[in-house]
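Working notes, structure below.
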Amino acid sequence: MLRNQLVVLVLLLSFIGHAQSASPLFKEYKAKYPEEYSVKLLEERNVDIRLKNGEILITQEVMEENLYLDTAATYQSKQSINYSTFLEVEEIEAASMVYENGKYNTIKVEDFVTKDEMDQSFYDDSKSINFIYPNLQPGSKSKLKYVEKIKNPRFLGTFFFADFNPTVKSKLTITVDKNISMKFKDFNIGELPINFSESEKRGKKVYTWEVNQMDKFEIEPGAPNFRSTLPHLIPMITEYESKGKKVKVLGEVSNLYDWYYSLVKDINKSEPDQELEKIVAQLTQDKKTDLEKVKAIYYWVQENIKYIAFEYALGGFVPRQANDVFNKKYGDCKDNSSILQEMLEIAGLQGNLTWIGTRSIPYKYEEVPTPSVDNHMILTYKDGDDIYYLDATGRYIPIDLPTSFIQGKEALVAVNENEFEIKEVPVIDAKRNTLIDSTYLKIEDQTIKGKGSFKLSGYSKIDFFNAFEREKKEENLKSIYTRELRKGSNKFLIESFEEINKYDYDKDFTINYAFNIKDYMTTLDNETYINLNLNKEISRFKLKKDRKSAREYRYKSYTKNVTVLEIPKDKEVSYIPESFSIENDFFQCSITYTKQGSSILYELEMNQDFILLDVSQQKEFNNLIKKIEKNFKEVVILKDKK
C-alpha cells in the first residue's frame, strides 16, 4: 500500500515539475486542446515552376513543425517521407526541439534510411526515407524541411489546408514563370477564412494561400474518403509557351486523354500467343451471340489471371502486353484490361480501354482533368445500346454488374486516338442485390424445428463467395452457416445444409438448410409466446446520435424474410400482431402477419435504397429503425385448445 502511494506521489511530482518547466507555447495549446496529442504549428509548401530549354522544372520546399501535448509524443518519433520515379526527395533536415531551462534545444536527426515500399504489392517503385525524432516528450517540437523535384508537370499533387490534428498555420505559395499558365480547383473550402493573394515578383507570378487556427477534422468509421471532407486545392499546369509556340499540358479533359492515349497506343501490336488464341477459340466455339462470347472470355480472365497491384515509373499508367500477362498469369488492373481487350479482338470483338476513379476519389473529369481524378482501369464493351463495365480484378462478378467500388463514377472511355467518351457507371438497384431467407417452422417439445432456403444475388452473393474463399477448411462450413444464418437466439444450430450454384457467376446462390432453436418460446399457463421476427439485422444500421460525418455504404440492398409457422394441432391462435410499414425517400420496411389455414405467415421486406447518408438523413434513419425495433418486440400468442 505504501509502495503504491509512493509511486503515485513520484508521478504527481514529475507531472507538476514538467508543468512548471513547460514552455509558454505548450501551456497555451495544452489549455486550448486538452484532449489532443499534438498540434501542427506549421504546414508550408513553396512550389517553384520554371521553364528552361523548353522543359518545365518543378521544385517544392516542404516545411512542417509539430508540437506534442502528451506522452503519445514517443509514438510519433518514427516518421517517413514517400517518393517515387515522379518525385525525387533531396536536402532533408529534421530535428527535435526539447524545452529545457527556459529555451528549446535542438537535436538534429542524423540517420535517414531509404527502403522500398512493398506493402501488399508484387512490386512498385515507391520508396520511403525513414528516420526517428530523438527524445520527443510532452512539450517537445519536431521540425522537418526537405526539397522535392517533381519530374512530370502533370503530378503537382494536392495541398490540404487542414489535418486530423489542429493546425495553427497552413500556407501554400506557387511561384511560376509568366509563360506558364495555371488553373486551380479547390474543394470543401466553404466559408473557411483562407487568405488568397496573387502578385508579380521579378517577372514571375506568385500565388499564395494561407489559413490560420484550423481545428482538427474528424473522419468517423464508414465516412467517405477524407478528400470528400478536408479542404484542399489541386493546382494544374494548363499550357506553356516555348519558342513562340503554345504547348498544352492539362486543363481540359482532352489534354488528359491525349496523354493517357499516348501511353496505351502501342500495346498489343505483336501477334497474339498461339496458346491464347486456342483458349479464345475454345471459350467461344459454342456461343451463339457476341455477348455470350464476351461473357465467357471475361469470366476466364477473372478466374485465371491473378490480380496483383504493382507499378514502376510509367508502368503505373501503361498496361503490359497481353502475351506477357497471359504467360505470367498475373497483372494489375491495366494488365487485366489489356489481356481482356486482346482476347476480345482475337474473337473479332471490340473492347475499349477505360480509365476510372474508385469511389474513394470524389472528383469529376471536368473538375480535375489530371491523373488525380482516377486510379483504376477497366474495359468497356458496348452491345447495342447496352454498356458493360468489365473489371477483371475481382472474382465472381457477373457481366452485367460493375464492381461495387466504381458505382456512380465517371468513366473515361477510349474510342480512338482523337475521340473519347465520358460515361457514368450506374448505381445498381437495391433489388439486384437481394437476400431472401424463407423458413418453415414447427414446434416440437418446446424446441423450434425448421427448414430454410437462403438465397443471395448481386453484390450480396459476391461478398459471400469471397468470404468462403478465405475459409479453406471445409469442415468449418456448418459453423460458418450457423453464424451467418443465425436467427432467433444464439441457440440457433444448423443440422444439415445443401449448397446450390456455389461460385456460379450468373445464378443466385441458394442454401437449403435444416435447423433447430432450443428454448426460444415462452410458455405461461396455457399460452405460448413466439416472436417471428427471427432476424433483427436492421439494428446494425443504427448510427451514433452525435455522428458528424456522412455514412457511406458499398451498395444498395434488398432483404426479404418469409416465415411460415405451423400451428400445433392442440393449439389455436390467440393473438397476431398488426401489420406494420414505414418508408421515406431512401428506405422502406414492412412487416405483415397473415393466418392461412393451419399456419401463420410472416413477411418482412426492407429496401435500402441508398449508398450515402448525410447527417440529417442519419437522424431520420435512426428514427425509422427505432420504430422497426419496437415492432420487433411483437409476438404471436397461441393458446391450448379447450
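Each reported figure results from applying straightforward, stated rules to the coordinates on display, with no laboratory input. Because the structure is a prediction, the values reported are computed rather than measured. Here Cβ is always computed from backbone atoms with ideal geometry, including for glycine, and neighbour counts include all displayed protein chains.
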>> To check you understand DSSP bridge types, tell me what percent of the beta bridges within the chain (both residues inside) are antiparallel, rounded to 5.
In response: 90
> Which listed residue (Ser38, Tyr481, Gly157) has the Cα farthest towards the positive end of the charge dipole for the chain, taking +1 on Lys and Arg C-beta and -1 on Asp and Glu C-beta about the Cα centre?
Replying inline: Ser38
>> What's the magnitude of the charge dipole for segment 430-640 around its Cα centre, counting Lys and Arg as +1 and Asp and Glu as -1 at the beta-carbon? Answer in Debye, nearest 20.
In response: 740
> Distances over 28 Å make up what percent of all Cα-Cα pairs in segment 254-424?
Replying inline: 16
> Which order, highest average first, do 331-344, 195-208 follow once you tally other Cβ atoms within 10 Å for each residue and take the mean per peptide?
Replying inline: 331-344, 195-208
> So, counting K/R as plus one and D/E as minus one, what does the shell of residues with Cβ under 10 Å around Met377 add up to?
Replying inline: -3
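For segment 2-247, what value does the Rg/Rh ratio take when both radii are computed over Cα atoms and Rh is the Kirkwood radius, given to two decimals? Intermediate results must be reported in sequence, preceding the final value.
Details: Rg = 21.4 Å, Rh = 20.6 Å.
A ratio of 1.04.
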> Going by alpha carbons, how many degrees (0 to 90, nearest 10) lie between the helix axis of 458-470 and the longest principal axis of the chain?
Replying inline: 80
>> If I fit a long axis through the Cα atoms of helix 274-284 and take the longest principal axis of the Cα atoms of the chain, what angle between them do I get, 0 to 90°, rounded to 10?
In response: 40
>> Students often get this wrong, so check it: of Lys569/Lys639; Lys329/Lys556; Lys108/Lys141; Lys487/Lys627, which have C-alpha atoms separated by over 22 Å?
In response: Lys329/Lys556
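Which FRET efficiency, nearest 0.05, do Asn46 and Ala22 yield, Cβ-Cβ r, R0 25 Å? Display every interim value, and only then the final one.
Values: r = 32 Å, r/R0 = 1.27.
Once the sixth-power term is evaluated, E becomes 0.20.
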>> Can you compute log10 of I(q)/I(0) for segment 344-413 with the Debye formula, treating each Cα as one identical point scatterer, at q = 0.16, 0.22, 0.26, 0.27 Å⁻¹?
In response: -0.57, -0.98, -1.23, -1.28
> Considering the dipole of segment 430-640 built from charges on the beta carbon (Lys and Arg +1, Asp and Glu -1) around the Cα centre, which of Ile443, Pro568, Phe632 is farthest to its positive end?
Replying inline: Phe632
>> Using only Cα atoms and rounding to the nearest 10 degrees, what angle (0 to 90) does helix 253-264 make with the longest principal axis of the chain?
In response: 80
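Using alpha-carbon pairs under 8 Å, 6+ residues apart, how would you state the relative contact order of the chain in percent?
Over the chain, the number comes to 9 percent.
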>> Using the Cα centre of the chain as origin and beta-carbon charges of +1 (Lys, Arg) and -1 (Asp, Glu), tell me which of Gly244, Ile81, Leu263 is placed farthest towards the positive end of the dipole.
In response: Ile81
> Under the rule of -39500 (n - 2.57) per DSSP H run of 4 or more residues, summed and divided by the residues of the chain, what mean residue ellipticity at 222 nm is obtained, to the nearest 500 deg cm²/dmol?
Replying inline: -6000 deg cm²/dmol
> Under a Cβ-Cβ cut-off of 12 Å, what is the net charge of the residues other than Thr158 that fall near it, where Lys and Arg count +1 and Asp and Glu count -1?
Replying inline: +2
> Which Rg and Dmax, in Å, describe the Cα atoms of segment 430-640?
Replying inline: 18.3, 55
> Measuring from centroid to centroid over Cα atoms, what is the spacing of segment 455-523 and segment 214-263 in Å?
Replying inline: 46
>> Could you check the spin-label model distance between Lys364 and Glu88? Points 7 Å from the Cα along Cα→Cβ, value in nm.
In response: 3.9
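Could you calculate the FRET efficiency of Asp286 with Val415 from 1/(1 + (r/R0)^6), where r is the beta carbon distance between them and R0 is 30 Å, rounded to 0.05?
Working: r = 31 Å, r/R0 = 1.04.
The value I calculate is 0.45.
Could you work out the local net charge near Glu252, counting Lys and Arg as +1, Asp and Glu as -1, over the other residues with Cβ closer than 14 Å to its Cβ? It would help to have the intermediate numbers written out before the result.
Values: positive: Arg154, Lys183, Lys185, Lys246, Lys248, Lys364; negative: Glu239, Asp258, Glu366, Glu367.
Charge balance in the 14 Å sphere: +2.
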>> Compute, for the chain, the length of the dipole vector about the Cα centre, with Cβ point charges of +1 (Lys, Arg) and -1 (Asp, Glu) only. Units Debye, rounded to 20.
In response: 1600
>> Can you tell me what percent of all Cα-Cα pairs in segment 429-555 are more than 27 Å apart?
In response: 31
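In debye, nearest 20: dipole of segment 315-368 around its Cα centre with unit charges on the Cβ of K, R (+) and D, E (-)?
On the way: 6 positive and 7 negative charges, 38 e Å.
Using Cβ point charges on Lys, Arg, Asp and Glu, segment 315-368 gives about 180 debye.
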> Which value in nm describes the separation of the simple spin-label points at Lys451 and Asn179, placed 7 Å from the Cα toward the beta carbon?
Replying inline: 8.4
>> For Lys178, give me every one of the lysines with a C-alpha distance below 19 angstrom, ignoring sequence neighbours fewer than eight places off in its own chain.
In response: Lys52, Lys201, Lys204, Lys205, Lys243, Lys245, Lys246, Lys248
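By how many nm would the segment from Asp546 to Lys328 grow when fully extended, if each residue of separation counts as 0.36 nm and the alpha-carbon distance is taken off? Intermediate values should be presented prior to the final figure.
On the way: separation 218, 0.36 × 218 = 78.48 nm, distance 5.10 nm.
Difference between extended and current length: 73.4 nm.
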> For Thr71 and Glu100, what does the FRET efficiency come to when R0 = 22 Å and r is the distance between their Cβ atoms, rounded to the nearest 0.05?
Replying inline: 0.80
> Roughly how many Å is it from the Cα centre of segment 19-98 to that of segment 363-423, as a whole number?
Replying inline: 38
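Beyond 49 Å, what percent of the Cα pairs of the chain remain? Intermediate results must be reported in sequence, preceding the final value.
Numbers: 65425 of 205761 pairs.
For the chain, the fraction of Cα-Cα distances above 49 Å is 32 percent.
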